[in-house]
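The values are calculated or read from the model by the stated rules, or taken from the named source; none is laboratory data. As the structure is a computational prediction, the values presented were derived from the model and not from experiment. Cβ placement follows ideal geometry from the backbone for every residue including glycine, while neighbour counts extend to all protein chains displayed.
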Amino acid sequence: MKLGLGLYRHMLTPENFAFAKQAGATHIVAHLVDYFRGGNHVGPDDQPTGTDWGWGLAGDPEQLWTLEELKAVRSNVEAAGLKLEAIENFDPAHWHDVLLDGPKRSLHIENVKTIVRRMGEAGIPIMGYNFSIAGVAGRTKGAYARGSAPAVGMEGPYDLPMPKGMAWNMVVDPAALRRPPVPEPTATDAQLWSRLQRFLDDVLPVAEKAGVRLALHPDDPPMPSIRGQPRLVYQPQMYQRVIDLNPSPSNALEFCVGSLAEMTEGDIYDVVDQYSRQHRLGYVHLRNVRDKVPNYKETFIDDGDVDILRVLAILQRNGFEGVIIPDHAPQMSCAAPWHAGMAYALGYLKAGIQFLPNR
Ligand SMILES: [Mn+2]
């Protein structure tokens, strides 16, 4: 098992790579989408939270990530003595009509295939993604964690209809901001699953050939619906359905223990055992949480409902050899709140991994 750190786009700097290395990480998971452009957030270094217009503006629909750009991220990571394990999340500007089944679907499927091919050529083995119409919406921020540390959580459902012009909690049509919101029609559960099935069937052959695994994140937050739109994986057993949709070895999971623990059904240790036994984990988000949707709160890694050391032991027993990253951490009171929170989580995980038997 290997330890990694996830970095947002604006954090992909030599200083942060050195920080990861110093904290004992060997791998990086890089976000290339700028979640903070034109949005209203508490602070640029924390998790994006945003407003009813989501996190802000999606990227340039005409400009896919280039091979040179992907190679540069990899070589910058390697220059710091680390490995680039994954890119996390497609830009909604590049694939929103795959999620919405809109008029640009064919073009957007080609966009995804192009990005996956380029990742293969750049030697980046995993693409983490979240197949969600409304995205990571409806979370609140407060002094929820130990010692009143700022953390993310949920304080009830979020049912305000999603307006047209948004996808995946970002604005994909900036003109929508200048007109009264018109609700995006509600998809059914069956439509959402059929969109995923078509996506996997279209893209997985390309991914296999490129040597890239697509790793699906469960819903964050895992509610049956957000903003009037259905969710895909909001109970643990729904992850099995994703695996069973397509037997390709490139059909993998971005296994988020925190989101899985926020779900109202299932025992988290059984869930970790069930999926790690099938060897379908791309990489693991490992964070702790207290309570369940719609009222859960993110916590320090040693302080929630989940025995993280027990999770590590199950992953080890089932032969998981991939990367775990802290995912999110509460902010700590000091000059570098995000970095302190991550250093704390990385140190805890590092010790946990070192303490495992037969490592
Ligand atoms: Mn996660």
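Being among the polar types (S, T, N, Q) and farther than 21 Å from V29 by Cα is the filter; apply it to region 260-278 and report the residue that is surrounded by the most Cβ atoms within 10 Å (Cβ to Cβ).
Only one residue fits best here, namely Q274.
State all residues of region 279-292 that are more than 14 Å from the ligand (Cβ to nearest atom) and either surrounded by 18 or more Cβ atoms within 10 Å (Cβ to Cβ) or among the charged types (D, E, K, R) (or both); if no residue qualifies, say none.
Passing the criteria: R280, R290, D291, K292.
Of all residues in region 11-24 being polar (S, T, N, Q) and in a helix (DSSP H, G or I), which is surrounded by the most Cβ atoms within 10 Å (Cβ to Cβ)?
N16
Is there any pair with a first residue in region 241-265 that is farther than 14 Å from P205 by Cα and touching a residue at least 12 places away in the same chain (Cβ under 8 Å) and a second that is of a type in the set (F, W, Y) and crowded, with 23+ Cβ neighbours inside 10 Å whose Cβ atoms are under 6 Å apart and which are 6 or more apart or on different chains, and what are they?
These pairs meet every condition: E262/Y296.
Determine if region 139-148 includes at least one residue that is assigned to a loop (DSSP other than H, G, I, E, B), out of contact with any strand residue (DSSP E or B) (no Cβ under 7 Å at 6 or more places or on another chain) and surrounded by fewer than 21 Cβ atoms within 10 Å (Cβ to Cβ).
No, region 139-148 contains no residue that is assigned to a loop (DSSP other than H, G, I, E, B), out of contact with any strand residue (DSSP E or B) (no Cβ under 7 Å at 6 or more places or on another chain) and surrounded by fewer than 21 Cβ atoms within 10 Å (Cβ to Cβ).
If only one of Q237, Q191 is over 20 Å from H96 (Cβ atoms) and either over 19 Å from the mean Cα position of the chain (by Cα) or surrounded by fewer than 20 Cβ atoms within 10 Å (Cβ to Cβ) (or both), which one is it?
Values: Q191 fails: over 20 Å from H96 (Cβ atoms).
Matching residue, one of Q237, Q191: Q237.
For A58, which of the numbered conditions (1) closer than 30 Å to E321 by Cβ; (2) aliphatic (A, V, I, L, M); (3) crowded, with 21+ Cβ neighbours inside 10 Å; (4) in contact with a helix residue (DSSP H, G or I) (Cβ under 6 Å, 6 or more places away or on another chain) fails to hold?
(1)
Out of the residues in region 1-15 that are over 19 Å from N130 (Cα atoms) and free of Cβ contacts under 8 Å to residues at least 60 places away in the same chain, state the one that is farthest from the chain's Cα centre (by Cα).
In this case the residue turns out to be E15.
Quick one: in region 293-312, of everything that is more than 16 Å from the ligand (Cβ to nearest atom) and in contact with a Gly (Cβ under 6 Å, 6 or more places away or on another chain), which residue is nearest to E208 (Cα to Cα)?
For region 293-312, the residue satisfying everything is L312.
Just give me the residues in region 326-338 being of a type in the set (G, A, S) and either within 16 Å of the ligand (Cβ to nearest atom) or touching an Asp or Glu at 6+ places or on another chain (Cβ under 8 Å) (or both), in sequence order.
A329
Do you know which of the residues in region 174-187 that are more than 23 Å from the chain's Cα centre (by Cα) and assigned to a loop (DSSP other than H, G, I, E, B) is surrounded by the fewest Cβ atoms within 10 Å (Cβ to Cβ)?
Top of the filtered list is P180.
I'd like to know if region 313-325 contains one or more residues that are within 19 Å of E155 (Cβ to Cβ), touching a Ser or Thr at 6+ places or on another chain (Cβ under 7 Å) and either within 16 Å of the ligand (Cβ to nearest atom) or of a type in the set (D, E) (or both).
no
Residues to consider are G352, G304; find the one that is under 23 Å from P222 (Cβ atoms) and not charged (D, E, K, R).
It is G304.
Are any residues in region 25-56 touching a Lys or Arg at 6+ places or on another chain (Cβ under 7 Å) and either among the charged types (D, E, K, R) or part of a loop (DSSP other than H, G, I, E, B) (or both), and if so, which ones?
Once the filter is applied, which keeps residues that are touching a Lys or Arg at 6+ places or on another chain (Cβ under 7 Å) and either among the charged types (D, E, K, R) or part of a loop (DSSP other than H, G, I, E, B) (or both), region 25-56 yields T26, H31, L32, V33, D34, V42, T49, G56.
Can you name the residue in region 155-165 that is more than 13 Å from G228 (Cα to Cα) and touching a residue at least 24 places away in the same chain (Cβ under 8 Å) and, of all such residues, is surrounded by the fewest Cβ atoms within 10 Å (Cβ to Cβ)?
So, considering only residues that are more than 13 Å from G228 (Cα to Cα) and touching a residue at least 24 places away in the same chain (Cβ under 8 Å), the one surrounded by the fewest Cβ atoms within 10 Å (Cβ to Cβ) is G156.
Can you name every residue in region 317-359 that is buried (at least 18 other Cβ atoms within 10 Å of the Cβ) and either of a type in the set (S, T, N, Q) or more than 23 Å from E85 (Cβ to Cβ) (or both)?
Residues satisfying the conditions are P330, Q331, M332, P337.
Among (1) surrounded by 15 or more Cβ atoms within 10 Å (Cβ to Cβ); (2) of a type in the set (G, A, S); (3) at pLDDT 95 or above, which single condition is G50 missing?
Going through the list (1) surrounded by 15 or more Cβ atoms within 10 Å (Cβ to Cβ); (2) of a type in the set (G, A, S); (3) at pLDDT 95 or above, G50 breaks only (3).
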